[in-house]
Amino acid sequence: MTDTTSLVHLSAAELSTRLAAGDVSSVDVTRAHLDRIEAVDGDVHAFLHVRSAAPDTAADVDRRRAAGEALGPPAGVPIAIKDVLCTIDMPSTSGSKILEGWVPPYDATVVAKLRAADLVPLGKTNMAEFAMGSSTEFSAYGPTHNPWSLDRIPGGSGGGSAAAVAAFEAPLALGSDTGGAVPPPRPPPGTAGAKPTYGSVSRYGAIALASSLDQVGPVSRTVLDSAMLHDVITGHDPRDSTSLRDAWPSFTEAARTGLAGGALEGVRVGVVRELNGEGFQAGVKARFAEALELMSAAGAEIVEISAPSFEHAISAYYLILPAEASSNLAKFDSVRFGLRVVPEGGGTVEDVMAATREAGFGPEVKRRIILGTYALSAGYYDAYYGSAQKVRTLVQRDFAAAFDQVDVLVSPSAPTTAFRLGEKIDDPLAMYLNDITTIPANLAGIPGITVPMGLADEDGLPTGLQFMAPARGDARLYTYGAALEQLLEQGWGHTLISRAPDLSATEQTAATEGVI
């Protein structure tokens, strides 16, 4: 008999191997994760919707495998899906009341691809409303809790996907990234996330926040697992006008190259001076320095790089994003789909629209719509939005100059560890500043990946290291990321995720006591 409780602790790659060998069934794996969700998600709150048909999907995979049908490597592996992605058989709310209960008539392209690859969707994960905010505190359905410390945020706007993976509720998850949510700025321990090159993964069916910044990507517990999922979702999509037509290498093979040893020999690693300075937590800086020493000992050349325009990146980002959001969110007008609120006594279409948007949008969404509309208004366009786009060009030029000197850039993935729920909710500027290290990559459209680099001394919470590569250089991120991940784990003598606290009922109650 299969020990189903142990299945949730296996990586996606390990599950794939055991499924292909017939050592375990997809039904057993899926039920083990559904049981885990039932046991712990009442306190983690990673999921907004759990898919009741998941065991049936798993049973179909088992039947086809038993019949001798050739299936791909990830077939039968469960996966969680961020609620920003349209799904034909589950609600897609983007964390907002204005879309509560809405079930799309189509799948997002990435969702269709994972179904075609025979992964088993478990459900939809919580997120900040329309992905606005550096935590899930702005979800209309309540915040997600960090499985490592339940009184803390779990990551960026897609904290539900990160928490689901870290809490062993799913081995894989899909996320989306606008300013640092997929490579989680404050990852729960043991999670790795990648932001692909802009245009390499289709955005069709991803509910838009800022179209020139949004990107869908994988979340997992290992670099290899992220690579496997990236292989599934990448590729050209004629329904996405920004989709690249490139032929992409196997990211799985790139990660395996990193795990084979020697991958960092002779690699020029650039340390961005502007992304590791004043305001960074001492424990974050200490773990980052140790990671650099490991890479240097493995043969990498560490080079300090200056990118002066990065200091202005966050200011430009918080003009470009609200401007594009104010345009994208205009579609939620009470007329075509979603929530409709009719004022008492009736009213005009404009009255209904105003009442619907007032009731359906949360405070952070309203704040950014107002800011974006102002930045695009007559008389201010050139002074604000136009100037921000010029800074974006400078950021892109700084990256180009840096990659003329080095193969990859590195920085901490966030200046601090995860902050407490409620700690920054009344100070939007302080929350925005937590994305300072991840925003430049989004402005430039280049890929990035986060690798957990250990726990901070001050609070015992996880820290992350971010790799960045030139556009289309995603494969090298998986090679170097996997190599560093292996070096770190060899030094620790264990995987970081193995040190995650047990989410027993007693611990959950104690940890969440007094949490907002």
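Of all residues in segment 403-445, those satisfying the criterion of being of a type in the set (Asp, Glu) and either in contact (Cβ under 8 Å) with a residue 40 or more places away in the chain or in contact with a helix residue (DSSP H, G or I) (Cβ under 9 Å, 6 or more places away or on another chain) (or both) are 407, 423, 435. For residue 94, indicate whether it is among the polar types (S, T, N, Q) and modelled with pLDDT under 95. So residue 94 fails the test. Confirm whether residue 288 is touching an Asp or Glu at 6+ places or on another chain (Cβ under 8 Å) and at pLDDT 95 or above. It is false that residue 288 is touching an Asp or Glu at 6+ places or on another chain (Cβ under 8 Å) and at pLDDT 95 or above. The set of residues from segment 201-228 being over 13 Å from the mean Cα position of the chain (by Cα), over 23 Å from residue 259 (Cβ atoms) and outside any strand (DSSP E or B) comprises 202, 203, 204, 205, 207, 208, 209, 210, 211, 212, 213. Within segment 164-191, take every residue that is among the aliphatic types (A, V, I, L, M) and touching a Gly at 6+ places or on another chain (Cβ under 7 Å) and give me the one that is modelled with the lowest pLDDT. Looking at the filtered set, the residue picked out is 181.
Cβ separations smaller than 9 Å between residues 6+ apart or across chains give the following pairs from segment 357-368 residues that are without any contact (Cβ under 8 Å) to a residue 12 or more places away in the chain to residues that are in a helix (DSSP H, G or I) and surrounded by 20 or more Cβ atoms within 10 Å (Cβ to Cβ): 366/357. The listed residues are 311, 290, and the only one of them that is surrounded by fewer than 18 Cβ atoms within 10 Å (Cβ to Cβ), assigned to a helix (DSSP H, G or I), acidic (Asp, Glu) and in contact with a Leu (Cβ under 9 Å, 6 or more places away or on another chain) turns out to be 290. The requirement of being buried (at least 21 other Cβ atoms within 10 Å of the Cβ) and of a type in the set (Asp, Glu) is fulfilled somewhere in segment 431-450, by at least one residue.
Scanning segment 257-278 for residues that are surrounded by 17 or more Cβ atoms within 10 Å (Cβ to Cβ) and not hydrophobic (A, V, I, L, M, F, W, C) gives 257, 258, 270, 274, 276.
Among the numbered conditions (1) part of a loop (DSSP other than H, G, I, E, B); (2) touching a helix residue (DSSP H, G or I) at 6+ places or on another chain (Cβ under 9 Å), the only one that residue 336 does not meet is (2).
Exactly one residue out of 122, 99, 85 is farther than 30 Å from residue 320 by Cβ, of a type in the set (A, V, I, L, M, F, W, C) and modelled with pLDDT of 95 or more: that is 122. Scanning segment 426-457 for residues that are over 23 Å from residue 482 (Cα atoms) and in contact with a Ser or Thr (Cβ under 8 Å, 6 or more places away or on another chain) yields 431, 432, 434, 435. Return yes or no: is residue 208 crowded, with 22+ Cβ neighbours inside 10 Å, of a type in the set (A, V, I, L, M) and out of contact with any His (no Cβ under 9 Å at 6 or more places or on another chain)? It is false that residue 208 is crowded, with 22+ Cβ neighbours inside 10 Å, of a type in the set (A, V, I, L, M) and out of contact with any His (no Cβ under 9 Å at 6 or more places or on another chain). Meeting the requirement of 3 or more residues that are of a type in the set (Asp, Glu), the helices (runs of 4 or more DSSP H) wholly within segment 342-451 are 349-360. Of the helices (runs of 4 or more DSSP H) lying entirely inside segment 6-114, those carrying at least 2 residues that are of a type in the set (Val, Ile, Thr) and surrounded by 19 or more Cβ atoms within 10 Å (Cβ to Cβ) are 26-44, 54-66. Can you say whether residue 61 is hydrophobic (A, V, I, L, M, F, W, C) and under 17 Å from residue 123 (Cα atoms), as far as the supplied structure shows? Criteria not met by residue 61. Selection of segment 241-255 for residues being of a type in the set (A, V, I, L, M) and touching a helix residue (DSSP H, G or I) at 6+ places or on another chain (Cβ under 8 Å) yields 254, 255. Among all positions in segment 338-347, there is at least one residue which is surrounded by 13 or more Cβ atoms within 10 Å (Cβ to Cβ), in contact (Cβ under 8 Å) with a residue 40 or more places away in the chain and at negative phi. Scanning segment 80-97 for residues that are closer than 17 Å to residue 137 by Cα and aliphatic (A, V, I, L, M) returns a single hit, 84.
The values are calculated or read from the model by the stated rules, or taken from the named source; none is laboratory data. Note that the structure is a prediction, hence the values are computed from the model and not measured. Note: ideal-geometry Cβ built from the backbone for every residue, glycine included; neighbour counts use all protein chains shown.
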